[in-house]
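The values are calculated or read from the model by the stated rules, or taken from the named source; none is laboratory data. Just so you know, these numbers come straight off a predicted model, no measurement behind them. Positions of Cβ are backbone-derived with ideal geometry, glycine not excepted, and every protein chain shown enters the neighbour counts.
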Amino acid sequence: MLIDENGKRFSNEAPYNFLNLTTEMYKHGSEKYYLIYDGKKMDSSFKEKLDKVEENPQVYVHANSIVELANKLKIDANSLKDTFVKYQNATETGKDEFGKDKTHLEKFTGNDFYAVYAMLGSWETINMKTKSGATKRAIKLHQFGRISNRR
């Protein structure tokens with residue numbers, strides 16, 4: 001599930017051309033985007049890598065509830081909770097407000113959530129500070145070509 005800075009979904013985030021999804025992110029115009037993962041269904045190697053990185057809303061956060069996740073991301077908890085409930089309902093009915101095919105609607109299970117910061121134009125690079133203190137830099141592409149360095 002992909003959300004904006006207000007905790008709202010805005011597009012079908014099912015696996016298709018990432019250029020299309022990046023275009024939707026640009027058109028939507030939010031300052032921040034997060035991919036929300038079910039910790040119980042995540043790829044174990046990806047989860048292990050995240051757990052070795054210091055939590056930071058510009059990288060990722062982990063929480064045991066949607067409200068806790070919203071608080072860590074500093075977004076409206078009611079908004080994210082509403083988005084989450086709508087998504088969970090779509091997984092049951094097979095009808096998504098953004099046209100996501102029911103084969104890609106996966107219900108979240110339990111209370112193990114990860115939010116990973118999604119940068120426009122770059123799906124494989126994130127800004128990380130490891131728990132040991134080493135810093136890696138990444139370039140975040142902003143709307144309309146403005147580029148800034150993030151630490």
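Values for this structure:
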quantity	calculated
Region 66-99, subset within 21 Å of ASP43 (Cα to Cα) and over 15 Å from the mean Cα position of the chain (by Cα), residue surrounded by the most Cβ atoms within 10 Å (Cβ to Cβ)	THR91
Sole residue being buried (at least 17 other Cβ atoms within 10 Å of the Cβ) and among the aliphatic types (A, V, I, L, M), chosen from MET25, MET42	MET25
Restricting region 47-56 to residues that are out of contact with any His (no Cβ under 8 Å at 6 or more places or on another chain) and touching a residue at least 40 places away in the same chain (Cβ under 8 Å), the residue that is nearest to ASN6 (Cα to Cα)	ASN56
Pairs, first at positive phi in region 35-46, second not in a loop (DSSP other than H, G, I, E, B), C-beta under 9 Å, six or more apart	none
Any hit, region 46-55, residues being over 15 Å from the mean Cα position of the chain (by Cα), hydrophobic (A, V, I, L, M, F, W, C) and either farther than 14 Å from LEU120 by Cα or in a strand (DSSP E or B) (or both)	yes
Any hit, region 9-24, residues being in a loop (DSSP other than H, G, I, E, B), charged (D, E, K, R) and farther than 12 Å from ALA115 by Cβ	yes
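Residue-wise test of (1) within 14 Å of ASP4 (Cβ to Cβ); (2) at pLDDT 95 or above; (3) assigned to a helix (DSSP H, G or I).
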site	(1), (2), (3)
GLN58	no, no, no
ALA70	yes, yes, yes
VAL85	no, yes, yes
THR109	no, no, no
